[in-house]
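S.K.: Quick one: this structure, given as structure tokens, is what I'll be asking you about.
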Amino acid sequence: MKDNNPARGSTRQGDPLPIFLIGMMGSGKSYWAQRIAGELGMDWIDLDAAIEKQTQQTIKEIFETTGEASFRELESKILKKVAGYRRIVIATGGGTPCFHHNIDWMNAHGITIWIDETPGVLVKRLRPEKNHRPLIKDLSDDQLQDFLSRKLAERSVFYAQARHHLKGAEISLKSFHQIIQSHV
Ligand code: S3P
């Protein structure tokens, strides 16, 4: 089960807006959430970890027992809950912006940043850790490449609605910092 140290508390006036990192699985959302939070003295949370904590089930178990549709409902509900935490950077799940109008909600309530890595980079990162990821656990390496290219193409219409887009070499702490400063 993934876990980090979820922040607690409620939104107070004057706090910075929540930052939502969006993008494909393997794009580095949790890695960057942690680094941005460290740099800005904020907390960070992985939305999957928050779902696992609340349900006491792994994401894989939720998919297996109740199915994807029920996972997407939970995801949308818990997204709204964690976005209420103070000074928070949220690593969303790869599918979060694509269901239940979550991208509109995130745009209305915080700063959305699409971390856009190529399928080649995603495959390299995901190949060793397919097992606990329900959508890719049964795929061969070749199928993984096809699946990720197809999903990225499908999902780009949602990801592209993020207020900010960082691609490949543009993805750096400095770029995140500049984006966040532009909202202060
Ligand atoms: C999913 C991505 C996963 C997790 C679930 C579904 C997706 O999150 O929410 O397995 O639909 O792309 P990460 O992007 O954090 O791996």
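The values are calculated or read from the model by the stated rules, or taken from the named source; none is laboratory data. It should be emphasised that the depicted structure is a prediction, and the values quoted were computed from it without experimental measurement. Ideal geometry is used to build each Cβ from the backbone, glycine not excepted, and the neighbour counts take in all protein chains shown.
S.K.: Could you check the stretch 98-130 and list, in sequence order, the residues that are more than 25 Å from H177 (Cα to Cα) and basic (K, R)?
M.R.: K124, R127, K130
S.K.: Now, a different point. Can you list residue pairs whose Cβ atoms sit under 7 Å apart, with the first residue in the stretch 125-149 being closer than 23 Å to I62 by Cβ and within 9 Å of the ligand (Cβ to nearest atom) and the second being of a type in the set (A, V, I, L, M) and outside any helix (DSSP H, G or I)? Count only pairs 6 or more apart in sequence or on different chains.
M.R.: Close Cβ pairs satisfying both conditions: L126/M25; L126/I136; R133/M25.
S.K.: A further question on this structure: Could you tell me how many of the residues in the stretch 42-89 are among the polar types (S, T, N, Q) and over 18 Å from H100 (Cα atoms)?
M.R.: Final tally of qualifying residues: 6.
S.K.: Okay, next question. Among the residues of the stretch 150-184, which ones are among the hydrophobic types (A, V, I, L, M, F, W, C) and free of Cβ contacts under 8 Å to residues at least 12 places away in the same chain?
M.R.: Once the filter is applied, which keeps residues that are among the hydrophobic types (A, V, I, L, M, F, W, C) and free of Cβ contacts under 8 Å to residues at least 12 places away in the same chain, the stretch 150-184 yields A153, V157, A169.
S.K.: Write out, first by first residue and then by second, each pair whose Cβ atoms fall under 8 Å of each other, whose residues are 6+ apart or on separate chains, and whose first residue, in the stretch 66-85, is over 12 Å from F20 (Cα atoms) while the second is surrounded by 13 or more Cβ atoms within 10 Å (Cβ to Cβ) and acidic (D, E).
M.R.: Y85/D43
S.K.: If you don't mind, another one. So which residues in the stretch 81-115 are under 17 Å from I171 (Cβ atoms) and away from the ligand (no atom under 13 Å from the Cβ)?
M.R.: The answer is V89, I111, T112, I113.
S.K.: Cβ-Cβ below 7 Å, separation at least six or inter-chain, first residue in the stretch 92-118 and aliphatic (A, V, I, L, M), second surrounded by 23 or more Cβ atoms within 10 Å (Cβ to Cβ) and assigned to a loop (DSSP other than H, G, I, E, B): which pairs?
M.R.: I115/G23; I115/S27
S.K.: Follow-up. Just to be sure I understand the filter: pairs with C-beta atoms under 7 Å, separated by 6 or more residues or on different chains, first member in the stretch 22-47 and over 22 Å from V184 (Cβ atoms) and outside any loop (DSSP other than H, G, I, E, B), second member away from the ligand (no atom under 12 Å from the Cβ) and modelled with pLDDT of 95 or more. Which pairs pass?
M.R.: L47/V82
S.K.: I've got another one for you. For the stretch 31-78, how many residues are under 15 Å from the mean Cα position of the chain (by Cα), charged (D, E, K, R) and within 13 Å of the ligand (Cβ to nearest atom)?
M.R.: 5
S.K.: Then there's this: Only one of L139, L135 is over 22 Å from L47 (Cα atoms) and in a loop (DSSP other than H, G, I, E, B). Can you tell me which?
M.R.: Sole residue among the options that is over 22 Å from L47 (Cα atoms) and in a loop (DSSP other than H, G, I, E, B): L139.
S.K.: Might you let me know whether the stretch 59-78 holds any residue that is touching a strand residue (DSSP E or B) at 6+ places or on another chain (Cβ under 8 Å) and part of a helix (DSSP H, G or I)?
M.R.: no
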